[in-house]
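The values are calculated or read from the model by the stated rules, or taken from the named source; none is laboratory data. Since we're looking at a predicted model, the values are computed, not measured. Glycine gets a Cβ as well: all are built from the backbone with ideal geometry, and neighbour counts include every protein chain shown.
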Amino acid sequence: MTTSRHIAADKLEAAASKGPLPPYCCIRDFLAGDERNDLLEFAITNETRFKPTGFYQSGINLEQRVSVGLREFGPAKNMLWSRVMALVPQLIAELGIASFVPSNHIELELVAHGNGAFFKRHIDTFTGAAANDKSKRLISGVYYFHSEPKAFSGGVLRLYRFGRVENGDDFIDIQPEQNVLVAFPSWAPHEVLPVTCPSGRFADARFSVNCWIHAALRGAV
């Protein structure tokens, strides 16, 4: 099941001086129940392998981002990438992005947000010296999953209006719902609001897989 968000024309006109709110879409029931459970079991079993997350060039910055992650997570990584890649034509259409040839570059990150974790406002595209001359992030996806019963609150994905941000209608909040993939343009400003997890247990964290779909550049695929 897919849910798309396109902003009404009258709201766009009223906010024209500030820029539009970004489009997004939600793919519900993204994985089968056993696939989701296997991924959760893998994450919990491999707790000691998770390391503090950082940035492409500047590394760890605890004022900007607090979470732990893992880039290599077994067969589930290839399975998730195949599922996401199969959705590329649908995501391009629903997000209103110009058609592009996706790169074979695989970029996935398994992340756990525990008590107090967050990720302040940023974009996912690389700029300046960090830009890749072979591919470019165009679509960002976040797949959410967690233990039952849910033992955390917060961790909302906030997508900001393009341009100036001044008041309460300048963003969209998306809840991290179980077994949902949320996709949006990689250049859309966004953040992860702080998570509250009273137990402090790793198994009770807000788990997600960050997915970045790249466009091939200079003939690379």
Spans of strands (runs of 3 or more DSSP E) in segment 156-221 with at least 2 residues without any contact (Cβ under 8 Å) to a residue 60 or more places away in the chain = 157-160
request  = Sort out for me the helices (runs of 4 or more DSSP H) sitting completely within segment 21-110 that have 2 or more residues that are touching a Leu at 6+ places or on another chain (Cβ under 6 Å).
outcome  = 75-86
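Name the residues in segment 126-155 that are at pLDDT below 95 and not in a strand (DSSP E or B), would you?
Those that are at pLDDT below 95 and not in a strand (DSSP E or B): F126, T127, G128, A129, A130, A131, N132, D133, K134.
Which residues, taken from segment 93-121, are of a type outside the set (F, W, Y), under 23 Å from P20 (Cβ atoms), out of contact with any Pro (no Cβ under 9 Å at 6 or more places or on another chain) and in contact (Cβ under 8 Å) with a residue 40 or more places away in the chain? Steps first, answer last, please.
Residues of segment 93-121 that are of a type outside the set (F, W, Y), as a first pass: 93-99, 101-117, 120-121.
Next cut, under 23 Å from P20 (Cβ atoms) only: 93-99, 120-121.
From the residues that got through so far, the ones that are out of contact with any Pro (no Cβ under 9 Å at 6 or more places or on another chain) too are 93, 98, 120.
The answer is K120, and nothing else.
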query = N61 fails exactly one of the following numbered conditions: (1) surrounded by 14 or more Cβ atoms within 10 Å (Cβ to Cβ); (2) closer than 19 Å to F118 by Cα. What is the number of that condition?
reply = (1)
query = Which numbered condition trips up A98, out of (1) more than 30 Å from T48 (Cα to Cα); (2) buried (at least 18 other Cβ atoms within 10 Å of the Cβ)?
reply = (2)
query = Which of the residues that make up segment 80-95 are exposed (fewer than 14 other Cβ atoms within 10 Å of the Cβ) and closer than 22 Å to A205 by Cβ?
reply = none
query = Filtering segment 175-192 down to residues that are under 16 Å from H122 (Cβ atoms) and surrounded by fewer than 20 Cβ atoms within 10 Å (Cβ to Cβ), which residue is nearest to the chain's Cα centre (by Cα)?
reply = E191
